[in-house]
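Take a look at the structure below.
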Amino acid sequence: MAQQDDERATTQRQDATPRPPKKPRAKKPKAENPITAAVTEWLATTSHSSSSSLDDDPTRQLLLDSAPKRWVVYEPMVLLPSGSFASDAWRAALAGSGAADASRLWAAVLAALSARSPTTPLTHLAVNEGIPPLSAGGRGGENVLRSPSGLRILHGDFGPAAVVVDDDEGVVSDDNFDRAFWVSTRQNDICQTWAPRWTMFSRGNVKEKARLLGLVTTTRNGWAADLYAGIGYFTFSYVRLGLRVLAWELNPWSVEGLRRGAARNGWRVRVVRGAADLARHTAELVGEGEGDEGGVRIVVFQESNEQAARRVAELREAEAEAAVELHHINCGFLPSSAPSWRAALDMAAGNGRGGGDCWLHLHENVGVAQIGARAAEVQELLAGWAADRDGEIATVEVEHTEMVKTFAPDVWHCVFDVRVGR
């Protein structure tokens, strides 16, 4: 018995002996930025750089430090942030290396990023220098078409830089579209397509697109109107909700991007462009009985949205027995879509007394301290116009202000959701 007690005591003492702490697992080394890796390799094999040690060569280290670390992929293009490879050090390095070496750098960057691309090899490289506020040369006034004339192309064929216009119709010929370079992306499971040489893409609108997809529509095969359609940013969200869309867009490249994007999503679209077609009656252009599944979901007019209210009135007059009731009207233009608000209200009022509510979605950049006051101003402005409609509008109410994203310090891209009751 005593022997057993001694054995138990020994076991307890052994169990009580502190165990050495486990060695912490070594952290996996952080993967090198692929652009940094490509630049490092390029510097090591380029004749203008004589030193093999980055520590001993401040210029090489400066080039590495100032190389871009972020990028966006729009297959098969890589878009780098504004200012990429544009510092004084990089300008001197690229000028001293020659065109062949510069091309080798861009190819190396694309190869490094392609290794991370899950589907498509990346073949084109450009720098996003923003959308200039004025047309090219500054002589054409405001850049209403939002043409990305500041795009800095580094590698790849982005298509012809000049546009051929059909003299008979005054429109961009289809041959231009066929020869252009097109890219695409998918947001909220909706595909969008555009030609980066000619059309901007605003990826920051993804939040607002998703919000629209969460809206409840009361009538499938009802209508929406998009007064600044672009490549289909918000138009496609309304179609996904089951609505037909009347859209307006001036930029022919955006219209073609909308057409291509709609096709990739499986939606039929009718493009109305050229003097002859635009002169026809709206009811003929929109067509009758095409709202069923598989019919035309989008009719886009390549003209100023100043014609929108007239066209909707024309359509309603011709189809009195099957009234065109608008559920949503989108005015998505920055810095302000205010020039289209009166037309939007007129289109909403035209549904007639007793019709369902129509929602206006009015976009504007607003200082953060003025958002509440601006919402009140918008309501007062629209209410004043509504009073001129002889009782067609019962209520106008700014029911929600959506803060989409910051546009500049203390400036927000806002959307005023206005309910127009009849």
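The values are calculated or read from the model by the stated rules, or taken from the named source; none is laboratory data. From a predicted model like this one, the values you see are computed outputs, not experimental measurements. We place every Cβ from the backbone using ideal geometry, glycine too, and count neighbours over all the protein chains shown.
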Top-ranked residue in region 54-103 [being more than 29 Å from the chain's Cα centre (by Cα) and in a loop (DSSP other than H, G, I, E, B); ranked as surrounded by the fewest Cβ atoms within 10 Å (Cβ to Cβ)] = Gly98
Out of all the residues in region 379-401, is one or more touching a residue at least 12 places away in the same chain (Cβ under 8 Å), at negative phi and under 22 Å from the mean Cα position of the chain (by Cα)?
-> yes
How about region 282-313: which of its residues are charged (D, E, K, R), part of a loop (DSSP other than H, G, I, E, B) and at pLDDT 95 or above?
-> Glu303
Could you grab me the full set of residues in region 104-122 that are assigned to a helix (DSSP H, G or I) and in contact (Cβ under 8 Å) with a residue 24 or more places away in the chain?
-> Arg104, Leu105, Trp106, Ala107, Ala108, Val109, Leu110, Ala111, Ala112, Leu113
Condition broken by Glu169, with the remaining ones in (1) at pLDDT 90 or above; (2) farther than 26 Å from Gly295 by Cα satisfied | (1)
Would a scan of region 239-248 turn up a residue that is outside the structural domain of Thr119 (by TED's automatic domain parsing), over 15 Å from the mean Cα position of the chain (by Cα) and of a type in the set (D, E, K, R)?
-> yes
Would you mind stating whether Ala348 is closer than 24 Å to Leu213 by Cα and among the hydrophobic types (A, V, I, L, M, F, W, C)?
-> yes
Looking only at region 379-393, and only at residues there that are surrounded by 13 or more Cβ atoms within 10 Å (Cβ to Cβ) and out of contact with any helix residue (DSSP H, G or I) (no Cβ under 8 Å at 6 or more places or on another chain), the one that is nearest to Arg310 (Cα to Cα) | Ala383
Can you tell me which residue among Val418, Val366 is over 27 Å from Trp223 (Cα atoms), within 24 Å of the chain's Cα centre (by Cα), at pLDDT 95 or above and assigned to a strand (DSSP E or B)?
-> Val366
Hits in region 23-53 - residues which are within 20 Å of Gly98 (Cβ to Cβ), surrounded by 10 or more Cβ atoms within 10 Å (Cβ to Cβ) and at pLDDT below 65 | His48, Ser49, Ser51
Take the residues in region 198-253 that are of a type in the set (D, E, K, R) and assigned to a loop (DSSP other than H, G, I, E, B), then tell me which one is surrounded by the most Cβ atoms within 10 Å (Cβ to Cβ).
-> Glu249
Among the numbered conditions (1) free of Cβ contacts under 8 Å to residues at least 40 places away in the same chain; (2) not in a helix (DSSP H, G or I), tell me where His361 comes up short.
-> (1)
So how many residues does region 189-211 have that are without any contact (Cβ under 8 Å) to a residue 60 or more places away in the chain and among the β-branched types (Val, Ile, Thr)?
-> 2
Please name all residue pairs, on different chains or six or more residues apart, with Cβ atoms under 8 Å, provided the first residue is in region 174-188 and is hydroxyl-bearing (Ser, Thr, Tyr) and the second residue is in a helix (DSSP H, G or I).
-> Ser184/Gly261; Ser184/Arg264; Thr185/Arg203
